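The values are calculated or read from the model by the stated rules, or taken from the named source; none is laboratory data. Bear in mind that the values here come from a model prediction, so they are computed numbers and not experimental data. With ideal geometry, Cβ positions are generated from the backbone for all residues, glycine too; neighbour counts draw on all protein chains shown. Heavy atoms of the whole protein, side chains included, go into the accessibility calculation; ligands, DNA and RNA do not. Shrake-Rupley method; radii C 1.70, N 1.55, O 1.52, S 1.80 Å.
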Amino acid sequence: MVKKNQTLGEFIIDNQAAFPYSSGELSRLIRSLRLAAKVVNHEVNKAGLVDILGLQGDTNIQGEDQQKLDVYANETFIQTLINREIVCGIASEENDDFITISGKNMDNQNKYVVLMDPLDGSSNIDVNVSVGTIFSIYRRVTPIGTPVTKEDFLQPGNKQVAAGYIIYGTSTMLVYTTGCGVNGFTLNPALGSWYLSHPDIKFPENGSIYSMNEGNYVHFPLGVKKYIKYCQEEKEDRPYTSRYIGSMVSDIHRNMIKGGIFIYPKSSKANNGKLRLLYECNPMAFIVEQAGGKATDGFTRIMDIQPTELHQRAPFFCGSKNMVDKAEEFMQKYG
Ligand code: P6P
């Protein structure tokens, strides 16, 4: 039963009870991400008013210009997690390598690591288009109390304990899963509280929206080209419309509510596509699957891919199950 106007805090307490042996560590971790999200939201919402727009002047490991808000969001999430001493390691799109958190007495007994894209879609910041934060949580695989290793981060997405995103849009929402469905909470900025606004989100099996950067059409695999033409044919079963914001969190969030497919495929310009497997594709795939959708690389379930590099990329087909199935038919046939 959905409790009307339940806050995120109440929801976490109610759902922690569903994990009788849980130590509350995961709940505290979600609460910390909730706090950091409010701090980042405050800055994102006033980005146009203070001198926080524009390029930081540095570039990250991806070779992408770092926006000031990218750096601010990265530092906010990392410092909040360090201050709360609730994780043993962090990996971020904005950091070349993972961060080991040893704790005050160098005896960090925490068992979770967090991987994140602190501000996805940041190229949209200066033009007032919604952006997002994406996070992915795993249980470490190396012994508790020892420094984390790359092995703790290079886990397949099917080992995720929790995943979520914050979307800084017309309203600010936190959407996450711990493997028991997907729930969305909307921030009331006046009160600083998050309210359960989208309980038990279900990804429609069919949809009428296809989302990809068609500017790259000539570079797409033939299967993707054929799927786009299939969507564009005037047929009764194809009332499709193209919607692409260029901010993955926003595109996938819209499609999850309305039904649709998001595709960022490999291309002749980028052999594995653009999106990063560990802290973009895997967490979004966990959420989408938990809502009843599907997420693959065009052939293989995204969450079954065994990572080999922290910042590796993967082609991404994600959304309404029947639409992803149809796109995969074209990939199987044409490659
Ligand atoms: P393109 C934003 O930089 C991002 O990582 C995703 O949020 C978004 O879907 C994609 O890149 C947009 O890339 O090549 O279409 O501009």
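Structure notes:
- Selection count, segment 92-133, where residues are of a type in the set (A, V, I, L, M, F, W, C) and more than 16 Å from the ligand (Cβ to nearest atom): 6
- Among the numbered conditions (1) open to solvent by less than 40 Å² (accessible area, probe 1.4 Å); (2) over 20 Å from H198 (Cα atoms); (3) within 11 Å of the ligand (Cβ to nearest atom); (4) not hydroxyl-bearing (S, T, Y), the only one that V324 does not meet is (3).
- Per-region count, segment 299-309, residues more than 16 Å from the ligand (Cβ to nearest atom) and under 26 Å from H219 (Cβ atoms): 7
- The set of residues in segment 244-263 that are open to solvent by less than 40 Å² (accessible area, probe 1.4 Å) and among the hydroxyl-bearing types (S, T, Y) comprises S247, S250.
Per-residue answers, yes or no, for (1) at negative phi; (2) assigned by TED's automatic domain parsing to the domain that holds A162:
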residue: V175; (1), (2): yes, yes
residue: G192; (1), (2): no, yes
residue: F203; (1), (2): yes, no
residue: V218; (1), (2): yes, no
residue: Q232; (1), (2): yes, no
residue: R243; (1), (2): yes, no
residue: R254; (1), (2): yes, no
residue: K266; (1), (2): yes, no
residue: N282; (1), (2): yes, no
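- Filter pass, T296 being surrounded by fewer than 19 Cβ atoms within 10 Å (Cβ to Cβ) and β-branched (V, I, T): no
- Against the criterion of being surrounded by fewer than 16 Cβ atoms within 10 Å (Cβ to Cβ) and either more than 20 Å from A163 (Cα to Cα) or in contact with a Cys (Cβ under 9 Å, 6 or more places away or on another chain) (or both), N108 does not qualify.
- For T241, the conditions (1) within 14 Å of the ligand (Cβ to nearest atom); (2) open to solvent by less than 50 Å² (accessible area, probe 1.4 Å); (3) hydroxyl-bearing (S, T, Y) all hold with the exception of (1).
- Verdict on A47 being open to solvent by 70 Å² or more (accessible area, probe 1.4 Å), among the hydrophobic types (A, V, I, L, M, F, W, C) and either at pLDDT below 95 or touching a Pro at 6+ places or on another chain (Cβ under 8 Å) (or both): no
- Residues located in segment 150-174, provided they are open to solvent by 10 Å² or more (accessible area, probe 1.4 Å), within 27 Å of Q109 (Cα to Cα) and in contact with a Gly (Cβ under 9 Å, 6 or more places away or on another chain): Q160, V161
- The set of residues from segment 265-304 being closer than 18 Å to E329 by Cα and touching a Ser or Thr at 6+ places or on another chain (Cβ under 9 Å) comprises G293, K294, I302.
- Selection of segment 139-181 for residues being in contact with an Asp or Glu (Cβ under 7 Å, 6 or more places away or on another chain) and not charged (D, E, K, R) yields V141, T142, G145, P156, N158, G181.
- Candidate set: segment 204-224, residues that are assigned to a helix (DSSP H, G or I) and within 16 Å of the ligand (Cβ to nearest atom); chosen: the one least open to solvent (accessible area, probe 1.4 Å): V224
- Residue count for segment 259-294, restricted to those that are over 19 Å from I228 (Cβ atoms) and either away from the ligand (no atom under 12 Å from the Cβ) or not aliphatic (A, V, I, L, M) (or both): 19.
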